[in-house]
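Taking it in order: structure first as structure tokens, then the write-up.
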Amino acid sequence: TSGQPLKAMIAGAPAAGKGTQCQKIVDKFNLVHISAGDLLRAEVASGSEIGKKAESFMSQGFLVPNELVVEMVKERLSQDDAQQAGWLLDGYPRSADQAEAIEEAGIRPDVFILIEVPDEELVERVTGRRLDPVTNTIYHMKFKPPPDSVVDRLIQRSDDTEDKLRNRLDTHHKNVEAVIGYYKDILVEVNGQRGMDEVFAEIDGVLSAFSEDDMPKAAAV
Ligand code: AP5
């Protein structure tokens, strides 16, 4: 391949497994994981101006306005670590406007992975999700049960209710086709209605084909 660090985008409905797959991808490929949702939650947690403005949109399951998101993501992508190791952008772009904004900035991935899971399955995934604030591991009470030693510290996201999921899903369905339209030539659709490791095996195959040349170099730096 080109010898450039790998640049990948990952998309999918809420709770389709983006974060879960990103943890596996990062472990293997050493890319910098940039999650728009995580960046926004960090702003909320820090009490910043962006965070204060974003909070009500996020807790209701609506997209945060572009003026809060676009620069934040562009800025993060431009940092040295992402430029040198390559990046894995998760949850951005989520609209045609957002795709347009990074196209204009000359930011284009090598591959766009779309994880597909039917809506009915997402309710159970979202309501059973728990997060470990210490290690950032994503658990599921049924599909990836947490060890006893961490159970007491697990947290549940405020938007992880069936009710909020409806808004998040509506937003996703309204926008996904327009976003995909920007990346048709590099789109890889992955069936996410399988075990986490099976889903990863497919993604691993896709990314390995891109990064054969790059990984040893990245590791040698
Ligand atoms: P964001 O944080 O991106 O949330 P999301 O898209 O709703 O995605 P999730 O994090 O909920 O799910 P995931 O796909 O990562 O699933 P996970 O791996 O955890 O965004 C949150 C909010 O921020 C948005 O609503 C919006 O307000 C705002 N925002 C974000 N980006 C924005 C943007 N670009 N513009 C404007 N606003 C923006 O998996 C879910 C559960 O299922 C887990 O418990 C996991 O263990 C389990 N699981 C995973 N894979 C499997 C499997 N294969 N089988 C069984 N269980 C599985």
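The values are calculated or read from the model by the stated rules, or taken from the named source; none is laboratory data. Quantities reported herein were computed from a predicted structural model and do not represent experimental measurements. Quick reminder, even Gly has a Cβ in these numbers, built from the backbone with ideal geometry, and neighbours come from all protein chains shown.
Structural remarks
For (1) surrounded by fewer than 19 Cβ atoms within 10 Å (Cβ to Cβ); (2) at pLDDT below 95; (3) more than 10 Å from the ligand (Cβ to nearest atom); (4) hydroxyl-bearing (Ser, Thr, Tyr), each residue gets a yes or a no:
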{"position": "Thr1", "(1), (2), (3), (4)": "yes, yes, yes, yes"}
{"position": "Gln4", "(1), (2), (3), (4)": "yes, yes, yes, no"}
{"position": "Ile10", "(1), (2), (3), (4)": "no, no, no, no"}
{"position": "Ala15", "(1), (2), (3), (4)": "no, no, no, no"}
{"position": "Gly47", "(1), (2), (3), (4)": "yes, no, yes, no"}
{"position": "Gly61", "(1), (2), (3), (4)": "no, yes, no, no"}
{"position": "Pro65", "(1), (2), (3), (4)": "yes, no, no, no"}
{"position": "Leu77", "(1), (2), (3), (4)": "yes, no, yes, no"}
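- When residues of region 149-165 are limited to those that are assigned to a helix (DSSP H, G or I) and within 12 Å of the ligand (Cβ to nearest atom), the one farthest from the chain's Cα centre (by Cα): Lys164
- Filtered by the rule that a residue be within 7 Å of the ligand (Cβ to nearest atom) and more than 10 Å from Asp160 (Cβ to Cβ), region 116-140 gives Ile138, Tyr139, His140.
- Failed criterion for Ile34 (all others in (1) under 18 Å from Gly205 (Cα atoms); (2) assigned to a strand (DSSP E or B) hold): (1)
- Residue tally, condition within 20 Å of Leu68 (Cβ to Cβ), more than 11 Å from the chain's Cα centre (by Cα) and in a loop (DSSP other than H, G, I, E, B), over region 78-98: 3
- Flag for Val179 being in a helix (DSSP H, G or I), more than 14 Å from the ligand (Cβ to nearest atom) and in contact (Cβ under 8 Å) with a residue 40 or more places away in the chain: no
- The set of residues in region 50-59 that are within 7 Å of the ligand (Cβ to nearest atom) and touching a Ser or Thr at 6+ places or on another chain (Cβ under 7 Å) is empty.
- Unique residue being in a helix (DSSP H, G or I) and among the charged types (D, E, K, R) when the list is Lys142, Lys174: Lys174
- Screening Gly37 against (1) within 11 Å of the ligand (Cβ to nearest atom); (2) over 19 Å from Val179 (Cα atoms); (3) surrounded by 17 or more Cβ atoms within 10 Å (Cβ to Cβ) leaves a single unmet condition, (2).
- Close contacts from region 78-104, counting a first residue that is farther than 22 Å from Phe29 by Cα and a second that is of a type in the set (Ser, Thr, Tyr), with Cβ to Cβ under 6 Å and a gap of 6+ residues or different chains, come to Ala99/Tyr182.
- Scanning region 99-139 for residues that are within 19 Å of Glu75 (Cα to Cα), part of a helix (DSSP H, G or I) and out of contact with any Lys or Arg (no Cβ under 9 Å at 6 or more places or on another chain) returns Ala99, Glu100, Glu103, Glu104.
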